[in-house]
1. Tell me whether region 236-243 contains one or more residues that are more than 16 Å from the ligand (Cβ to nearest atom) and either on the phi > 0 side of the Ramachandran plot or surrounded by 14 or more Cβ atoms within 10 Å (Cβ to Cβ) (or both).
2. Identify, by number, the condition in (1) within 20 Å of ALA63 (Cα to Cα); (2) within 16 Å of the ligand (Cβ to nearest atom) that VAL328 doesn't meet.
3. Can you pull out the helices (runs of 4 or more DSSP H) entirely within region 1-113 that have at least 3 residues that are within 16 Å of the ligand (Cβ to nearest atom)?
4. Scan region 60-73 and tell me whether some residue there is open to solvent by 30 Å² or more (accessible area, probe 1.4 Å), on the phi > 0 side of the Ramachandran plot and out of contact with any His (no Cβ under 6 Å at 6 or more places or on another chain).
5. Could you look through region 245-264, keep only residues that are over 19 Å from TRP14 (Cα atoms) and open to solvent by less than 20 Å² (accessible area, probe 1.4 Å), and pick out the one that is nearest to the ligand (Cβ to nearest atom)?
6. Does ASP226 satisfy the condition of being acidic (Asp, Glu), within 13 Å of the ligand (Cβ to nearest atom) and open to solvent by 10 Å² or more (accessible area, probe 1.4 Å)?
7. Please verify whether region 1-19 includes one or more residues that are in the same structural domain as PRO237 (by TED's automatic domain parsing), in contact (Cβ under 8 Å) with a residue 24 or more places away in the chain and at positive phi.
Amino acid sequence: MTDLTPSVAKFKDWRFGLFVHWGLYSLPARHEWVKNRERLTDEDYQPYFDHFEPDLYDPRAWARAAREAGMRYAVLTTKHHEGFCLWDSEVSDYTVAKTSWGKDLVGPFVEACRAEGLGVGFYHSLIDWHHPEFPIDLVHPQRDDEEAIAKAAGRDIGVYADYLHAQTRELLTNYGPIDIMWFDFSYPGRQYDDGRDGHGKGRDDWRSEELMAMVRELQPGILINDRLDIPGDFVTPEQYQPSGPMIRDGQPVVWEACQTLNGSWGYDRDNLDWKSPDLLVRMLIDSVSKDGNLLLNVGPTGRGEFDPRALDTLSEIGRWTRLHSRSVHGAGPSELEAPQDCRFTQRGDRLYLHVLSWPMQHLHLPGMAGKVRYAQFLHDASEVRRTVTDPEQTAQNTTMGGLAPGTLTLELPTQRPDVLVPVIELYLT
Ligand code: GLC
């Protein structure tokens, strides 16, 4: 790792973050794209504004749950595509301040994160399905409504861009130092399936260069993601684990995979497609082994809580990260090649062998003889004994044959340790 700015180095050390998708869509509880998917008009959507009352909102509890899960930063949707603002924006009436709840949600979130020692990020939607000057394009809820399209003919994206810039300025001025600005998303040149022009939106619409310059001026240490249709500080594979360290133009890039608990970002009551804690821990390990971060999402309920399914998952993950922090936080990929069904991460002279599938008694590490001075399980610091078998002997040895010279063998217990993913800590010579 060379030439990392302090912000990038900090971000990479965090490795694991919480994404929070919260807005009016938490009330219909049918995915954050419900307005688009069901082609709802502003009028159809109004009941969610009228009934938004997050009486159980306790951001300290969110931040604590995140920290205990092993997360080191949290990114909140300040405004999602629906256009509803979670803070009292001076340039909009479509904000939490104008609901019966009547007060800012962003400030308490920021304070809670800081109090729990988490980094803070703001997600902010470039798209806006409520703003009167945002064109009816192919992802707009009214995309098939001829009458609405005709009425919207004179909409001026430039006016909307001013609004986008003004809101970004508010967010980055009013809440102290912010670590991450997470814009979402550009879709330049997109067309409908039938070939009609979809009026895709990109850098010229958002005035991305200018917006990015303003963000950096207001918050010099901030990291900006890559969804402004111009390169940012890190790239954001979505619901997708890359096959290895990510490379762009021949250079390694900083990356963060964002992942859901159940396929939806917003609270989605009847969606049962939940990932197991075991899978999620493997995804975290997989990310770090490929030099990336994992940003794992929770969609709080309309009352402002993480539902029990999300909390149970986070605490299961936390049971693992409490014992295995060393193999993920501040760790990165190793140049050594991991054996089958395993992932390596490394930090200085410590190599972490994550055993995804439990082998029978022996785990062979070709080429590692003489390179390990001690080995232990990370969860309980119990020694893992190691042997190097002389290749001359193995050639004739019928019980343990075929080992390449220089292979180090770890002797594992028959019983797999009772943790989601066992990790062996190897002290390199
Ligand atoms: C997408 C979706 C969105 C979600 C985001 C997270 O682009 O539009 O609902 O917020 O990805 O990465």
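1. No - not one qualifying residue is present in region 236-243.
2. (2)
3. Because the criterion is at least 3 residues that are within 16 Å of the ligand (Cβ to nearest atom), the helices (runs of 4 or more DSSP H) in region 1-113 that meet it are 34-37.
4. Taking every residue of region 60-73 in turn, none turns out to be open to solvent by 30 Å² or more (accessible area, probe 1.4 Å), on the phi > 0 side of the Ramachandran plot and out of contact with any His (no Cβ under 6 Å at 6 or more places or on another chain).
5. Here the answer is SER264.
6. Against the criterion (acidic (Asp, Glu), within 13 Å of the ligand (Cβ to nearest atom) and open to solvent by 10 Å² or more (accessible area, probe 1.4 Å)), ASP226 qualifies.
7. yes
Okay, residues lined up against (1) buried (at least 22 other Cβ atoms within 10 Å of the Cβ); (2) of a type outside the set (Gly, Ala, Ser):
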{"position": "VAL75", "(1), (2)": "yes, yes"}
{"position": "LEU86", "(1), (2)": "yes, yes"}
{"position": "ALA97", "(1), (2)": "no, no"}
{"position": "TRP101", "(1), (2)": "no, yes"}
{"position": "GLY107", "(1), (2)": "no, no"}
{"position": "GLU116", "(1), (2)": "no, yes"}
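The values are calculated or read from the model by the stated rules, or taken from the named source; none is laboratory data. Fair warning: this is a prediction, and the values are worked out from it, not measured in the lab. All Cβ positions, glycine included, derive from the backbone under ideal geometry; neighbour counts span all protein chains shown. Ligands, DNA and RNA are stripped out before the accessible areas are found, and what is left, the full protein with its side chains, is counted by its heavy atoms. Shrake-Rupley method; radii C 1.70, N 1.55, O 1.52, S 1.80 Å.
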